[in-house]
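Accompanying notes for the structure given below.
The values are calculated or read from the model by the stated rules, or taken from the named source; none is laboratory data. Just so we're clear, the structure is a prediction, and the values are computed from it rather than from any experiment. No Cβ is skipped: glycine too gets one built from the backbone with ideal geometry, and neighbour counts run over all protein chains shown. When the accessible area is computed, the model is the full protein with side chains, heavy atoms only, and any ligands, DNA or RNA have been set aside. Shrake-Rupley method; radii C 1.70, N 1.55, O 1.52, S 1.80 Å.
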Amino acid sequence: MKRSQRLVLIALLGTIGFLGCEDNSGSASSGGSTIIVTEMDGAVGQADGSLEEDLGAIADMAPMTAVDQGAPPLDSQVVDMAMPDAAVPVDQCEALGFTKRDFYEGGIGGPSYNFGALAGDFSVTTLRGEWSLRAEWSGCDSYVFLTHFPDLRGNPSGAWFGDLVWGSQLEALALTSPKNVHYFFISYERAPAARAALIEAQQTRFEQTLVAWLPDEGERDHWRARVHFVTDRASEIEGSVGGFVTDYMNYLFDPSSSVDLGGRGMAQAPLPFAFAIDRQQRWDSVGTLSPHVGASPEWSMVAYSPHFYNHKAALEERDSNEEVTKVELIDEDVTARHIVRTGMLPDAAAMANFDTLFIDIEVHCPHRNVFACSEWDRIGRVMFCLDPECMEQREIARWITPYWRRGTRRWMIDASPFLGLMSAGGEQTFRLVMGPNWERGTERKARFELRLSSSGKGRALGAERVYQGGGFNAEYNMNHGPVSFAVPAEAARAELVVILSGHGQSDGNNCSEWCDHRHDFAVNGNPIGEIRSELPVGSMRGCADKAGEGVPPGQYGNWAQGRAYWCPGWPVDALRFDITEHLTASEMEQLTYSANLAGGQPGGGNIDLSAYIVWYAADE
């Protein structure tokens, strides 16, 4: 039955989006999505195909042009797409150094298709034969589905998003992906003949891509065996995948699934052009395939997701194998962004045996509509409170929250230099910050845990904060004069520990988020070396290339581009510099600090800085 709806188009507009900060307190950057409300009449159909004449309405997309990525010319000859001859079996997981996990057979209560839920078995018919997850389970692979959707708009106008992504370049699947991934090209097209033609043409195009980009036949064979072309309709695939597609499409076309963004309108859930089963056998959304705000979607962006799944699997394995003392700070559903919690640490005698502290942070957005998740790349922090009321506090860990992203993100952040602050043990208070308090509240599951252990290195005995940041303007260096500090006589060594990131911009130079700001410290006149961002500032894929180290791909915002010292959805690790040789053993030492923009004057925006002198016991 047809009905009229008011839908919202989430339009990713503009260029790379070097926009200004909304607020320097808790705001990492701007550069996300513009929400446009559009009027349209559309038919809402069921994903199971019960309405032959109507597949449902999707908000109208603005015309876009696919980006030509400059591929070498494809061979126009007919290519041989036969499977390679059988070779001696190689254990792929062993060869890559990955730990295997057993296949999960399913449990009581029926299937769940929520992101993060366990996925069951599925079977597909491909152009090369039958394939099923259980039979092909390696224990270390991920499985990514690349979906063609026919034009589902009620009032088509301009290029269809689905055609743009389906026809985008394919070489990144082989050139950028890790070796332990399977890709499945599937289609939601109802007509069998039209669907078969689409799939066969995509297989031919992929084979031509392999010939054009990979000179090594062994490499080509690897990807021929791992890129599958499915002839079943996406919603009719046997098992969990068909169930997932059907269930999600029914959800998408349910008007109640739209998210109210206040004065910006109602936001419809996006089509699943890509989705995945990760190495932990859990559903993942993959997310947007646009390389930056306003760009056409590209299959090239999907290649970062398997790297992220390897990162998540490594964290899970580390969690299982490490012998640590755990102190839980929070494990609950929250909407607040500033949360004060106490944790019961071991007593002082036991704390004296620990030299390593990692903070395990896991945040899960449970919503199927991504626009119900947190929207912006904000500054997240763990603050150690120096008093029970948390009137005075010290930053001991920092990360940047991701743009809109469904599912789980997890970080383990090294906070070992700050163990001296909590050496008394017992009940201690922490402030957990996940962005500014004034931002729209979103429901998420938050788990923060301290992980204490010993590795035989000298433990931190104390820490003194010496500098904080501020506006990166003409007065910045004048506001950061010399600081005197003392290192206790019992200390065996000392470090300068710096937590540093740049945010916002002014003066038209994209500072301090997107500019090459540099920082100089000297101890008693001895420079420790200029600090520069290791990330390529302003590079188009600088942060995307860090997906294997934990940057969540597919965020609905400018997540892929490299920033100064940080990425959306990634820790801002503390920088550590041994300064022992520069100490005079006198009563007071002197530290100086200045900052510059690529050798020139400070250039605008805000420097978020926590700099400490930390002193340590001797190594055991």
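Consider region 519-544 and keep the residues that are charged (D, E, K, R) and in a loop (DSSP other than H, G, I, E, B). The one that is nearest to the chain's Cα centre (by Cα) is Arg541.
Exactly one residue out of Pro192, Pro156 is at pLDDT 95 or above, out of contact with any Leu (no Cβ under 7 Å at 6 or more places or on another chain) and over 20 Å from Tyr304 (Cα atoms), and it is Pro192. Considering region 425-444, and only residues there that are charged (D, E, K, R) and at pLDDT below 95, the residue that is least open to solvent (accessible area, probe 1.4 Å) turns out to be Arg444. Applying the condition of being of a type outside the set (S, T, N, Q) and on the phi > 0 side of the Ramachandran plot to region 517-556 and asking which residue is surrounded by the most Cβ atoms within 10 Å (Cβ to Cβ) yields Gly554.
The condition of being outside any loop (DSSP other than H, G, I, E, B), closer than 30 Å to Arg409 by Cβ and not aliphatic (A, V, I, L, M) holds for Ser610. The set of residues in region 346-362 that are open to solvent by 10 Å² or more (accessible area, probe 1.4 Å), under 25 Å from Glu316 (Cα atoms) and of a type in the set (A, V, I, L, M, F, W, C) comprises Phe354, Phe358. Of the helices (runs of 4 or more DSSP H) that lie entirely inside region 142-233, those containing 1 or more residues that are open to solvent by less than 50 Å² (accessible area, probe 1.4 Å), closer than 28 Å to Asp102 by Cβ and of a type in the set (Lys, Arg) span 217-224. Among the residues of region 491-509, those identified as assigned to a strand (DSSP E or B) and small (Gly, Ala, Ser) are Ala494, Ser501, Gly502, Ser506.
Residue-level analysis places Arg101 among those that are more than 23 Å from Glu219 (Cα to Cα), open to solvent by 50 Å² or more (accessible area, probe 1.4 Å), at pLDDT 90 or above and in contact with a Gly (Cβ under 8 Å, 6 or more places away or on another chain).
Got a number for residues in region 378-424 being of a type in the set (Asp, Glu) and open to solvent by less than 10 Å² (accessible area, probe 1.4 Å)? Walk me through how you get there before you give the answer.
First pass over region 378-424, keeping only residues of a type in the set (Asp, Glu): 387, 389, 392, 395, 414.
Retained after the next criterion (residues that are open to solvent by less than 10 Å² (accessible area, probe 1.4 Å)): 395.
The qualifying residues number 1.
Among the criteria (1) out of contact with any helix residue (DSSP H, G or I) (no Cβ under 6 Å at 6 or more places or on another chain); (2) not acidic (Asp, Glu); (3) not in a loop (DSSP other than H, G, I, E, B), the one Ala547 does not fulfil is (1).
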